[in-house]
Amino acid sequence: MSKKLIAEAIGTATLVILGCGTAMLVGCDAAAGGGYILTALAFGLTIVAMAYSIGNISGCHINPAVSLGVMLSGGMDVGEFIGYVIAQCVGAICGSAVLAAIFGLGHVTDMTGGFGANGLAGVGGNVLAGLLVEIVLTFIFVIAILGVTSKRAGHGSFGGLVIGLTLVVVHILGIGLTGTSVNPARSFGPALFAAFSGNLAPLGCLWVFIVGPMIGAALAAVTYNFLQNR
């Protein structure tokens, strides 16, 4: 179990470093659009890399919402779920610390203004709109994961690629709205370090990016369990 938790921490840290780090470096400029695509690809391709490296160890959840979906589908028990979530949050904090060191020591400008943290600016600050975005996008992401990893699916070695490309797609839509969380741990680490740097806005709306993805994951699990039940 300990090796699984270490793998989850490493995977989540990698996701934050490469995904949020790319967002910090290129920004999310709606006018140009290039920042959207680069950030979406960074998150998605990181998932692909981690799926094929630590997937055989921990399942490569690196996301509390994914772990919730797996648990509700019978893939893990409550104790394992709690351990995974703690490891994922520790990984996100470590990943954010690495970004703080890189951008601080290198005097690199954070183009997002907050460690690539999530926010509600794209939905006009509307909490309900932000929740809806995160619920819908997480639902799509998690139901894709449950489907592609099902024993009935028969996707074999292509599962990681499908999951990564799904994350790219949900980011393309969600970045301009909420920054795309679909992952409470990914939101937690950057929001914490943004607060340390004096930007309290991401921490103030962090609950949206915890509650929304967890609701979306639960709905995905319930829906998928219903659909696959003969």
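The values are calculated or read from the model by the stated rules, or taken from the named source; none is laboratory data. Keep in mind the model is a prediction, meaning the values are calculated, not measured. Ideal geometry is used to build each Cβ from the backbone, glycine not excepted, and the neighbour counts take in all protein chains shown.
Which helices (runs of 4 or more DSSP H) sit wholly inside region 33-152 and have at least 1 residues that are in contact with a Pro (Cβ under 9 Å, 6 or more places away or on another chain)?
64-72, 78-105, 127-148
Return yes when residue 142 is surrounded by 23 or more Cβ atoms within 10 Å (Cβ to Cβ), of a type in the set (A, V, I, L, M, F, W, C) and either free of Cβ contacts under 8 Å to residues at least 40 places away in the same chain or touching a helix residue (DSSP H, G or I) at 6+ places or on another chain (Cβ under 7 Å) (or both) and no when it is not.
yes
With the condition kept exactly as written, say whether any residue in region 62-83 is under 21 Å from residue 215 (Cβ atoms) and touching a His at 6+ places or on another chain (Cβ under 7 Å).
yes
Scanning region 153-164 for residues that are assigned to a helix (DSSP H, G or I) and of a type in the set (A, V, I, L, M), which turns out nearest to the chain's Cα centre (by Cα)?
My answer is 163.
Got a number for residues in region 50-74 being on the phi < 0 side of the Ramachandran plot, surrounded by fewer than 17 Cβ atoms within 10 Å (Cβ to Cβ) and out of contact with any Lys or Arg (no Cβ under 8 Å at 6 or more places or on another chain)?
3
May I ask you to verify whether residue 198 is at positive phi, over 17 Å from the mean Cα position of the chain (by Cα) and either surrounded by 18 or more Cβ atoms within 10 Å (Cβ to Cβ) or not in a helix (DSSP H, G or I) (or both)?
Considered against the rule, which asks whether it is at positive phi, over 17 Å from the mean Cα position of the chain (by Cα) and either surrounded by 18 or more Cβ atoms within 10 Å (Cβ to Cβ) or not in a helix (DSSP H, G or I) (or both), residue 198 comes out as yes.
Is it the case that region 173-181 has a residue that's in contact with a Leu (Cβ under 8 Å, 6 or more places away or on another chain), in a helix (DSSP H, G or I) and surrounded by 20 or more Cβ atoms within 10 Å (Cβ to Cβ)?
Yes, there is a match, as at least one residue in region 173-181 is in contact with a Leu (Cβ under 8 Å, 6 or more places away or on another chain), in a helix (DSSP H, G or I) and surrounded by 20 or more Cβ atoms within 10 Å (Cβ to Cβ).
Here's a check for you: in region 182-195, which residue that is small (Gly, Ala, Ser) and surrounded by 22 or more Cβ atoms within 10 Å (Cβ to Cβ) is nearest to residue 143 (Cα to Cα)?
Checking each candidate, the answer is 185.
If you check residue 36 against the conditions, is it surrounded by fewer than 24 Cβ atoms within 10 Å (Cβ to Cβ), touching a residue at least 12 places away in the same chain (Cβ under 8 Å), in contact with a helix residue (DSSP H, G or I) (Cβ under 9 Å, 6 or more places away or on another chain) and closer than 22 Å to residue 135 by Cα?
yes
Can we say residue 26 is modelled with pLDDT of 95 or more and of a type outside the set (Phe, Trp, Tyr)?
no
Could you list, ordered by first residue, the pairs with Cβ atoms under 6 Å in which the first is in region 210-230 and at negative phi and of a type in the set (Phe, Trp, Tyr) and the second is in a helix (DSSP H, G or I) and buried (at least 19 other Cβ atoms within 10 Å of the Cβ), at least 6 apart or interchain?
Between residues of region 210-230 that are at negative phi and of a type in the set (Phe, Trp, Tyr) and residues that are in a helix (DSSP H, G or I) and buried (at least 19 other Cβ atoms within 10 Å of the Cβ), the close pairs are 224/143; 224/146.
Considering only residues that are closer than 24 Å to residue 100 by Cβ and of a type in the set (Gly, Ala, Ser), look in region 201-218 and name the one that is surrounded by the most Cβ atoms within 10 Å (Cβ to Cβ).
Applying the filter and picking the extreme gives 201.
Taking into account only those residues within region 76-128 that are closer than 24 Å to residue 17 by Cβ and aromatic (Phe, Trp, Tyr), which is surrounded by the most Cβ atoms within 10 Å (Cβ to Cβ)?
84
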